[in-house]
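Q: First the structure, then my questions, so here it is.
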Amino acid sequence: MTPANTTGPDGTVLRYGPPDSGHVLTVYADLRCPFCKRLENGLGAVMQQAADEGRLALHFHFATFIDDMAGGSGSLNALAALGAAADEGDRAYLLYLRVLYAEQPSEDDDAFADPRTLLRLAGEVPDLRGPEFDRKVTDGVHLPWARKVAAAFETSGVQGTPTVLYDGSPITVLNPMGYAVTPEAFLAQLAPAGH
């Protein structure tokens, strides 16, 4: 079962924003990755605004390699819960994504493996919680899809997260200290080249 608001082969890409904008911002991330948290905390709202203004569409590719490195299944379980949120709407999953990063446990804490944690955090997103959403999270309805998403990342050639591409070309989202660049520095990289 593939969640709504997805695209790409097997629906392994979560999408947000206008499909006809002509520009695509592709984000590769892991829900347990602390550097991805810094990206989302610093630039998540800026990326959303650019999509809301029709400047670009957002395409999210998710990895679960921190589950392998640190142990556990939090990345996978959180991703499946994000799929359940996508069924409720693209804005719902994007807000849930922001909450998951804002409340991200330390890498060695597998808190996201617990459906109760994922449901509690979903309670921070207006109108997300409901019998259907709760059931999907508790029963892991989207776990098979989450595994497909993780497998697609493995074959993507992307080496680490976060990696962000604008129309296929890498752009800088973290500074040398590992924190998000300023919104101005980020948006400057989206300026149309040569026209």
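Here, each number is a calculation from the coordinates, and none is a lab measurement. Remember, it's a predicted structure, so these values are computed and weren't measured experimentally. Methodologically, a virtual Cβ is constructed for each residue, glycine included, from the backbone with ideal geometry; neighbour enumeration extends over all protein chains shown.
Q: How much net charge surrounds Leu95 when only other residues with a Cβ under 12 Å from its Cβ are counted (Lys, Arg +1; Asp, Glu -1)?
A: Counting the neighbours of Leu95, the net charge comes to -3.
Q: Name the long-range amide H neighbours of Ala180: under 5 Å, sequence gap of 5 or more, or other chain; modelled H, no Pro or chain starts.
A: Residues meeting the criterion, in which the H sits 1.01 Å from N, are Asn175.
Q: I would also like to ask the following. Under the 0.36 nm per residue contour assumption, what length would be gained going from the current alpha-carbon distance of Leu165 and Asp20 to full extension?
A: Extending this stretch completely gives an extra 50.4 nm.
Q: Calculate for the chain the 222 nm mean residue ellipticity that helices alone would give, adding -39,500 (n - 2.57) per DSSP H run of length 4 or more and normalising by residue count, nearest 500 deg cm²/dmol.
A: -13500 deg cm²/dmol
Q: If I take the Cα coordinates of the chain and project them onto the principal axes, what are the three extents in Å, biggest first?
A: Cα spread of the chain along its principal axes, largest to smallest: 51, 34, 31 Å.
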